[in-house]
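The values are calculated or read from the model by the stated rules, or taken from the named source; none is laboratory data. Computed from a predicted model, the values in this text were never measured in an experiment. In this analysis, Cβ positions are derived from the backbone assuming ideal geometry, glycine residues included, and neighbour counts consider all displayed protein chains. Ligands, DNA and RNA are stripped out before the accessible areas are found, and what is left, the full protein with its side chains, is counted by its heavy atoms. Shrake-Rupley method; radii C 1.70, N 1.55, O 1.52, S 1.80 Å.
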Amino acid sequence: MATFKNLLLHLENGILTITINREDKLNALNIETIREIRDAMQQVYDDAAVRGVIITGAGTKAFVAGADISELTELSEVTARSFSERGQETFDLIEQCNKPVLAAVNGFALGGGNELAMACHMRIASTSARFGQPEVNLGLIPGYGGTQRLTQLVGKGKAMELLMTGDMVTAEEALMLGLANYVVAPEKLLPRCVEILQKIMSKAPLAVGLVIEGVNAVYDKEENGYQTEANAFARCCASEDFVEGTNAFMEKRRPVFKGI
């Protein structure tokens, strides 16, 4: 796989771990890092050897502590719009990926960091994790999809509160709100992500990808989610994995899926 300046990539047993590697900057997202995340995700789409993804941050202090403030101060109204749209397009690649993508949140997930985590299909949090959208403290709002995904995950009222106050929430609060799926001790964070991905990877890859497509359709105003589900159900029924899965069930054995 390609190498990057700000990312570390490690592929093992079908699981690609993408580490944001700017520990001295609390893994803040600058324009170059956003571009590298986009390129890394394109590799995920294209590489059949990758069956699941973990995104995390280097060190113990931060998953991603936000955007690079020095770059934000240089934005004009025109350049800010394209800055926001590039980030949204990159995070959409994560959300729409037909392979499971987990965020291993190992510290501060603030601003763009929380937006990155929310773009992932699940968020596994260390007990030290802190989540928030503090952009209003800078006279800003989230620009990488934060107003949309936070509302989807925690509901309108709580999203309004967190976005307008800029308050952080602990890992346990995030769990109660539905922002995090699990909270684990720091040393168990990556092993728990691997455990979840291994379980998902034992299922039919086509079906897993179509589950992602169907759930995402709930939030797409241009999609009829029920029709998307019916179409996906039909595709599954025409697949070899469906034949294998049903035969294995009848024969009381473990299925061997091929993703076709």
Put a dot 7 Å past each Cα toward the Cβ at ASN181 and GLU71; how far apart are the dots in nm? 2.8 nm
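Summarise the accessible area of region 20-71 (1.4 Å probe, protein heavy atoms) by the percent that is carbon and sulfur.
On the way: 1040 of 2180 Å².
About 48 percent, which is the carbon plus sulfur part of the accessible surface.
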Solvent-accessible area per residue, Å², over the chain with all protein chains present [probe radius 1.4 Å]: 53 Å²
Accessible-area composition of region 111-260, carbon plus sulfur, in percent [1.4 Å probe]: 58 percent
Give, in nm to one decimal, the length gained when the segment between THR60 and GLU251 is fully stretched (0.36 nm per residue of separation minus the Cα-Cα distance). 64.0 nm
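Starting from the Kirkwood radius over alpha-carbon pairs of region 66-170, derive D by Stokes-Einstein at 20 °C in a medium of 1.002 mPa s and give it in µm² s⁻¹.
Working: Rh = 14.1 Å.
Translational diffusion coefficient: 152 µm²/s.
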Restricted to the chain, the DSSP antiparallel beta bridge percent, nearest 5, is 30 percent
Helix axis angle, 225-237 relative to the chain longest principal axis, alpha carbon, degrees: 40 degrees
Which longest uninterrupted range of the chain lacks any trypsin sites (Lys or Arg not before Pro) assigned by DSSP to a loop state (not H, G, I, E or B) and surrounded by at most 15 other Cβ atoms within 10 Å? 62-202
In degrees, nearest 10, range 0 to 90: what is the angle between the Cα axis of helix 240-250 and the longest Cα principal axis of the chain? 60 degrees
Work out, step by step, the length gained on full extension between ALA238 and ALA49: first 0.36 nm times the residue separation, then minus their alpha carbon distance; give nm to one decimal. 65.7 nm
Listed by chain and number, the residues whose amide H is under 5 Å from that of LEU16, excluding neighbours fewer than 5 places away on the same chain and using placed H, are ARG51, GLY52, VAL53, ILE54
Here the equivalent ellipsoid of the chain, derived from its Cα gyration tensor, has semi-axes (largest first, whole Å) of 32, 20, 18
